Each structure stands twice: as structure tokens, then as C-alpha cells.
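The values are calculated or read from the model by the stated rules, or taken from the named source; none is laboratory data. Bear in mind the structure is a predicted one, so any value in this text is a computation, not a measurement. Cβ: placed from backbone, ideal geometry, glycine included. Neighbour counts: every protein chain shown. Heavy atoms of the whole protein, side chains included, go into the accessibility calculation; ligands, DNA and RNA do not. Shrake-Rupley method; radii C 1.70, N 1.55, O 1.52, S 1.80 Å.
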Amino acid sequence: MTLPVQLLWLIPALPLLVAGIGALTRHRGVALAAIFAMAGSFVLSCLALAGALQDPAVHATYNFAWFDLGHGTLRLGFLLDPLTALMTTMVTFVGTLIFIFSLGYMKKDENFSRFFCFLCLFAAAMLGLLVANSLLLLFICWELVGLASYLLIGFWFHKPSAAAAAKKAFITTRIGDLGFLLGLLWLADSTGSLLFFDNGHGVLEAATLASLSGQTLACGLALSTAIGLLIFCGAIGKSGQFPLHVWLPDAMEGPTPVSALIHAATMVAAGVFLIARVYPLMSADALLTAVPVHALTVVAFIGAITALLGALIACAQNDIKRVLAFSTVSQLGYMMLALGVGAWSAAIFHLLTHAFFKALLFLGAGSVIHAAHHEQDIRRLGGLRTKMKFTFASFAIGMMALSGVPFLFSGFWSKEAILHAAHEWNVSHLPLYAGLCAVVLTAFYMTRLVAETFFGQPRSHGADHAHENTAAMTAPLVILAACAVLLGFLGTPYWPWLQKTLDPHYEATQGGLGLMLLSIGLVGAGLGLGWWLYGRKLRATAADRDPLATAAPFVMAALANRLGFDELYAATVGRLNTATAALAAFLDRYVIGGLVTFLAQLGIFSGSVNRQMDEANLNGGFDAVSESVRETGLFYSRKQTGETHGYLRVVAVAFVLLFLVLALGGVR
Amino acid sequence: MTPLHLCLLISTALFCIGLFGALARSNTILVLLGIELMLNAANINFIAFWRYGPNPAAANGMIFVLFSIAVAAAEAAVGLALIIAVYRHQKNIRLQEATVLKG
């Protein structure tokens, strides 16, 4: 039994229905409805996946007309291929587990049902984004997930920091989305269609791609490169890539299940998905030699910078969620790097494994925060290993998967695939070196995180009184931990099932054993360095100085301050914005306002002139006319005496006169 | 002296009597009677001009008079109702005193 592509809309429709219900009622049963809707969507996604796997090379589409516009018809559509099916299955599965976790985490929140309403809205938009066969439909859902993200980051809007973080996330991603929108319009203008696949007329099909890459712009770029880079702007914003990564760590102000679902597993991966989806467009210029830059080269370098930058900053953060947030930034950089070097199936492989182990890590962090009475500072946690056994075990599995501990854990295989692809890239080896550095740093900061959080002595009241959470919160952790281990075996170099399913042209890389050994060595180095600095001599009190901060205070202070990106943006973009706003205010208040005041005064003056004219001249004439009418009326009313005999007398006299006239001279 | 002249003389006399009654009487009912007399003088003229006119076969003069009588009956009904209303208002029916509607 499979799900035909015509019914693919059911997958996003189920959560959307619950979101609609949740908007109308405050009943707590909305949560259960949400979980059932997500589970239902998961079942439908599995059916769709079964259908897509029957023939992985086929792009099944269902297009329909939305409305007529001018001389053309705007068409939307749904697309079912292994990429869509795998992504929807992942999103619904992780989503269901996180919904269940939220049941426990948000139990005491007064806006419990509203939280699930927003989560469902997010899930519906995210699934709509995945099943879209039209860049326009994808863009609509893209903006909707941005809205849901805004609502959920600012869910505790009474906290000023949460409200500010929500605003920052929304505005920062909007900068990228502007580029995306421009690219979309340009693409629609030059091809006349926004459908991905449309029987040979879609924008991702050979004929259109050939015409797009054949046109050259004034600056020497191919048209497809320019459009691809504009669309990539949207992915930079949404996936937290350098230089728009600043919003993602602040987004941790939202409830932890939100961080797990939106800001680790699904929404931030939407940018990677977008580039993977339009990969034929991005790579259309690959065979051109005369162009100054290829679109994918930019993607690779942005990804490499982000991977290294995120990992560096993560080493110096003290908030458990912020460490994970910068780790997410870094891992998303890895995925972009993989896309850039041409291994888009490896990028999706890493996206899937990352979704599971990062959701696991965030839910583990949520479990810790919930148990430790909202203590998030790792310097003030500690000693939770014995108090929270399930959380510790699953968190440790997630940590090893993220660090890339060899052979058993999924992160190792997906990262291997990316590093191999980067090694084979013939443009430059710099992304490979950045990726290898990030491998060491990832293992290092995750060791630090686990050592500080779970080992040693509890260093605050909250950590001292922590105890394991209920089954609603631990069960998703255990399931995700199992996935974080098992999923890696779908894409090993010895059996690259996932890569072959996604990309029928995939060829398994031969050799590369040396690179694998090198990366194993680097993971070991990172873990060892972490243990040497943080595990050997455990922190005794929250006030102890960080060993690294003692060794290199200036570097660590800069990293803890996130290399000053926020300050830089505040001093440049922020100040420019303030100056523009002041100029606009001045123009509005004095130039436009002055003009309006002048016009108003002119109106008052002409009104008073008019009044003078009216009272002095016009009124006199009208008064004279009405006075004479009144006089005439008075004169005749005196003739009406009310005496009937008088009237009769007049009639009689008139009769006699008439008779005389007729008798004497009238009628012959 | 043709019959037509005779009829016209009678009708003129009747009209003058009616006019005098309407002008000279102060009792409203008698004024109404005078008006009826004038109306009937006109009716006699209708009949006379028809009967001694060029085409006595057509019944148009008689039909006209029938209408006139119907209108006179309606007028009498309205007039009597007005007289009753005036009586209720001023406790008599003297026409000279009914001058409330003067200008």
C-alpha cells in the first residue's frame, strides 16, 4: 500500500487541521490531537516513502492551476521522490517524539494548548515545504515556518530577552529571504514557470537549465549562477550560515522542545533541503569554464567558514543550549559544505542523522533543565550522571554521535561521507581542512559539555535536587538514542543505500581509508583534549576559572563574546538603520508634516474668505427674496377670513360679472 | 316661447332661488339646500338641451345627469358629516361663527 502523489497534501493537512482547532479552543486535549495528527502524518509519510522507493529515479508530480494572472496561469504542485519522502518521514517521526516530550515539559505552562497549536502550525508549514513541487509553494511554506519559529521563540514573550530574540530571528532570516524572493522572481521572469518538474518544462529539467546556464550577465556570471546564489541567500538566513548565523543561538530563548524541533532538527535544515532540491539549478553552471565563480563554490566556502566558526565559538559558551546551538550552526555548515562540493546525497544523509542526534541532545538538555529547576549554566550544573541515568545514557549516545565516534554511531558515517566528498573536490582543499579542524573542535566541546554537566559535584541548588523525569520525557530520548545509532548504517561506504536511493548517479568512493583513519585520529584527539582539560580535574565550584580561559584569556573572551558579530552588526547595520530611521522621522515630521500643515492652513484661510463672501453678499440677496415671499403670503392670508358667506359672495359676484361679459360682448 | 325656453326660465329661477338661499341663510343646512337647488337647476339645463337638442336619440344628457346626482348625493353626505363635526365643535351650526380656519 502506497500513498499516491495526488494525496500527498494529506501529510501537511493533518497538523494544519489540529492547528486550526487549537486556535479556537484552550482545551488541553489539543495536545493529544496534535500527537495523533503527527503520528498519522508519520504513517502517511511511511506509505509515501514505500511508494517512492519502488522507483527512486522517478519524480512523481501532481500539478494544478491556482489562479489566472494576466495571460498566464499560476500553477502549484506536489512532488514525491525519495528526498521528499525521507524528509517527511524524518520530520514527522522526530516531530511526534518531540510532541510527546513537550507533553511533559510544558505540563505546567498556562498556555499549554497554544504551544501545541503553534507546534502544529510549524509542522504543517514544514511538511508543506517538503512536499512542494513549486518554488512559490515552497516559499510560502518557508515564510510560514519563519512565522511559526517567531511565535515559538517568543512563546514566553513576557521575558524581554525572548521577545528580542524572536524579533532578531525574524528580521535576520528576512534579510536572507529577500534574496530568495528576488531569485524566485528572476527565475519566474526568465523561465515563466516555478514548478520544479513539469513534463520537461519545469525549472529543474534539462531544457530550462540549459537555457539558464547559457545566458551570461553583464558581470560575467551565468544567469543560473546569479539566480542560484540569490536562492542560496534564503538558505543562509534560514540555516544560520555565516554571516547571518547570529539569530540561531539567541533563538534558544524559546522552550527547549522548540529548540529541538525547529532550531536543530527540521526548520534550520530547510535551507539545506532547499539547496538539495534545487541542486540541478545550482550545479547547472558546473561545466562552464569562462565564468568568474560557480554557485556551488560559494556554497562550499560559506559552509566551511560556518562549520569552523560555529565549532570555535561553541568551545567558549557556558549555556548548555547555546553550546548545542553553535554546534547546530557548525553542523549545518558541514551540510552546506557537502552540497557545495557536489555530494548532495551526503548532505541529506548528514541532515537526517543530525536531525536525530541533535534532537536527542536538545531533548536531553531540556530534560536536564527541567529537572534542575531551569538552571542552564553548565558551570552551575554537574553531578547529574547518577541522578538522571536515562538522560545521561541517551545524552552520551547523542554526544558520541555528534562527535563522530567511529563505527557504531551515525554521525561518524555521515561526517565521513562529507569529508570524503570534500577530499575529492578538485577546486580547493580548504573546505576539507576547515571540516577536519571542526571535527577536533566538535569532539572537544562535546566532551567539555558532558564533563561539566554530568560529572563532578552538583554546583547549585537546582542541580543538587534534580531527579529523573517522567516516562513522557525519557521514552522519546531512548527512541531517539536508538535511531542515532542505527541510522548511520544506511549510508556506510560499504553499503551506501541512502545515497543511491537519493541520487541514482551516485558512485561509491573507493579507497579513502587514510582519510578515515585521519578523522578517527582527530576525533580521538578532540575527545582526549577535552578529557585532559575538563575530565582529569573536575570543576569543584561554579566560580572556578575555565582551564582554557586561564591559558588564553583574550581568545576565550573573544569566543565567549561570539567573536563580536552582534556588536559588529549593531555598530554597522544597526547604526545605519537608526540613522535612516532618524532621517525618515525628520522628513516625515518637518518636510511632509510641514507641507500638510501648510495645506491645512490654506484650507482654513480659504474657508474664512468664503464665509465673509457668503455672509456679506450672497445672504443679502436670499434674505430679500424670502422676505418678499413672506409679505405676499401674509397679504393673501388676510383675504382668507374663514367666513363662508364671504366666499360665496365673491363667487356670486364673479358669476354675475362672467354673465354680463358673455351676454354683452363675449359670445355671438 | 318654445319648450326649451320655458325649461331654461324655470332652471334660471331655480338657480336664483338657490343662490339667494346660499348667500342669505346663516343655517348651514339651509346653505347646503341652496347649493343643491343650484345643482338641480344645472341638471334641468342638461336634460333640456338634450331633449330639445340635435340628437335626442342618444342618452348622453340623461347619463350626465345621473352622474351629477350621484356626485350630489356624495357631496350631501360629506356636507352633513362636516355640519355634525362643526356642531360638536361650536355647539351650533351658524355659518358666520365657523371662522376658525381664517388666515
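Structure notes:
- Relative contact order %, chain A, counting alpha carbon pairs below 8 Å whose residues are six or more apart: 11
- Unit charges at the beta carbon, dipole of region A:350-390: most positive-side option, A:Ala365, A:Met388, A:His354: A:Met388
- Taking 15 Å as the straight-line reach from the Cα of A:Lys639, the aspartates and glutamates in range (excluding those fewer than 8 positions away in the same chain) are A:Glu631.
- Think of it as helices only: each DSSP H run of n ≥ 4 in the protein assembly as shown is worth -39500 (n - 2.57), and spread over all residues that comes to -22500 deg cm²/dmol at 222 nm.
- Cross-link partners of A:Lys159 among aspartates and glutamates (Cα-Cα below 12 Å; sequence separation of 8 or more within a chain): A:Glu253
- Among A:274-280, A:406-412, A:386-392, the order from most to least packed when residues are scored by Cβ within 10 Å on average: A:274-280, A:406-412, A:386-392
- Protection proxy ranking of A:4-13, A:19-28, B:67-76, A:342-351 - average other beta-carbon atoms within 10 Å, highest first: A:342-351, A:4-13, A:19-28, B:67-76
- Note on A:Phe157 and A:Val625: the model spin-label points, each 7 Å out from Cα along the C-beta direction, lie 6.2 nm apart.
- Spin-label model, A:Arg649 to B:Leu66: label points 7 Å out along the Cα-to-beta-carbon direction sit 4.2 nm apart.
- Per-residue 3J(HN,Hα) values for region A:335-345, derived from phi via the Karplus relation 6.51 cos²θ - 1.76 cosθ + 1.60 with θ = phi - 60°, read 5, 5, 4, 4, 4, x, 7, x, 9, 6, 5 Hz in sequence order (x marks Gly and Pro).
- Cross-link reach list, lysines versus A:Lys238, counting only Cα pairs under 18 Å and skipping chain neighbours closer than eight places: A:Lys167, A:Lys168, A:Lys358
- Normalising the Debye intensity of the protein assembly as shown to I(0), with uniform scatterers on Cα atoms only, and taking log10 at q = 0.06, 0.07 Å⁻¹ returns -0.49, -0.57.
- Contact order relative to length of region B:3-90, as percent, for alpha carbon pairs under 8 angstrom and 6 or more apart: 27
- Of the residues A:Val651, A:Val145, the one with the largest accessible area comes first in the ranking A:Val651, A:Val145, computed with a 1.4 Å probe on protein heavy atoms.
- Note that region A:67-110 shows a convex hull volume over its alpha carbon atoms of 110 Å³ per residue.
- Value of D in µm² per second that Stokes-Einstein yields for region B:3-90, Kirkwood Rh from Cα pairs, at 10 °C (1.306 mPa s): 112
- Charge dipole (chain A, unit charges on Cβ, about Cα centre) - positive-most of A:Ala325, A:Trp413, A:Tyr105: A:Tyr105
- Sites A:Ala525 and A:Asp464, calculated FRET efficiency, Cβ-Cβ separation with R0 35 Å, nearest 0.05: 0.55
- The simple Förster model, with R0 at 35 Å and r as the Cβ-Cβ distance, assigns A:Ala582 and A:Trp532 a FRET efficiency of 0.10.
- Seen from A:Ala346, the other residues with C-beta closer than 15 Å to its C-beta sum to a net charge of -2, counting Lys and Arg as +1 and Asp and Glu as -1.
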